[in-house]
1. Measure nothing fancy, just the Cα-based angle from helix 32-46's long axis to the longest principal axis of the chain, in degrees from 0 to 90, nearest 10.
2. Using modelled amide H (1.01 Å from N, peptide plane; none on Pro or chain starts), what sits under 5 Å from the amide H of GLU155, excluding residues fewer than 5 places away?
3. How large is ³J(HN,Hα), in whole Hz, for each residue of the stretch 191-201 in order, when computed from phi with the Karplus curve 6.51 cos²θ - 1.76 cosθ + 1.60 and θ = phi - 60°, using x for Gly and Pro?
4. Work out, step by step, the length gained on full extension between LYS126 and ASN215: first 0.36 nm times the residue separation, then minus their alpha carbon distance; give nm to one decimal.
5. Helix 81-95 versus the longest principal axis of the chain: what angle, 0 to 90°, nearest 10, using Cα atoms?
6. Looking at ILE87, ALA8, GLN52, which one has the Cα that reaches farthest to the positive end of the dipole of the stretch 2-158 (charges on Cβ: Lys, Arg +1; Asp, Glu -1)?
7. Could you give the size of the charge dipole of the stretch 97-248 about its Cα centre, using +1 on the Cβ of each K and R and -1 on the Cβ of each D and E, expressed in debye and rounded to the nearest 20?
8. Helix-only estimate, please: 222 nm mean residue ellipticity of the chain, summing -39500 (n - 2.57) across DSSP H runs of length 4 or more and dividing by its residues, to the nearest 500.
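Derivation of every value follows stated rules applied to the coordinates shown; laboratory data play no part. Since the structure is predicted, the reported quantities are computational estimates derived from the model, not experimental observations. We place every Cβ from the backbone using ideal geometry, glycine too, and count neighbours over all the protein chains shown.
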Amino acid sequence: MEETNAIAIFFVCDEVLKALDFKDDPQVVMSDAEVMTFAILAASLHAGNHRQARWSCKIAGYFAKILSKSRLNRRCRRIPMEVWLAIFHAIRIIFGPEKEYAVDSFPVPCCQKSRIDKRKLFCDRKHLGFMASKKQYFCGIRVHMLVTISGIPVECRFAPGAESDLNVLWKMNLDLPLKAKLYADGAYNCFDLEDILREDEQIYLLAKRGKGTKNRRRTTEEEKQISSKRQIVETAFSCITALLPRSLIVRTEDGFRLRVMCAILAYSFSFIR
């Protein structure tokens, strides 16, 4: 199964790089498609640990030649984030559209709460957010994600930890089929956005209202249905978080986002059988 997954990852990466006309230097030992495959496999099998992933790939014989750990890190960072996102969108094309989706966000702290004052990354105040589930503050980013009712990610966006879910939803592309339903929690309650999506794009945003809502109230059955439908996005977040190490040891903010992106891609590729 792991070998099949590795072949599928390499095939998608190679085809996307060809479509983008992203050419390798003639002297490289590993192609960019192989480097991207290695990074995604490392996230899938070893929580992004490149040292352990090198050993596993060498034993399994996935690559004819494999670079050193430091060289692999530099090659991964050299690939623009736009290319990684293109891989993400290519997976969406493979599965095709659905009629029901869910949207939410999850935090990715860059350090423990006790070390926020000593951090060297994400020093801007906008990266200080609040985790409602744990009732504590964190420093880092939020991953805002749109998934199908089957749990397949179709759109993701990185934002500072302090930025609200609703603000990010306004910025998302939401390239969904007509009459698609988008389930969300109470943080996405916005009548203006609901009207715009319904009238201009024929997308129905169904956010939980809560008990204190006075306008556009829903029945108890409708609230339960929304809660049930949007649980799939929580499951997706749990799976992605499980692919991340307890602490991300990186030197740059771009490297931090890259590690998170590789975990998201590893989760997305798990749906390819």
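1. In the chain, helix 32-46 runs at an angle near 70 degrees to the longest axis.
2. HN-HN under 5 Å from GLU155: LEU146.
3. 5, 4, 5, 4, 5, 5, 5, 6, 7, 8, 10
4. On the way: separation 89, 0.36 × 89 = 32.04 nm, distance 3.19 nm.
Length gained between LYS126 and ASN215: 28.8 nm.
5. Long axis of 81-95 versus the principal axis of the chain: about 70 degrees.
6. Checking the options against the dipole of the stretch 2-158, the answer is GLN52.
7. Details: 27 positive and 20 negative charges, 187 e Å.
Computed about the Cα centre, the dipole is about 900 debye.
8. Details: 10 runs with 125 residues, N = 273.
Rounded to the nearest 500, the figure is -14500 deg cm²/dmol.
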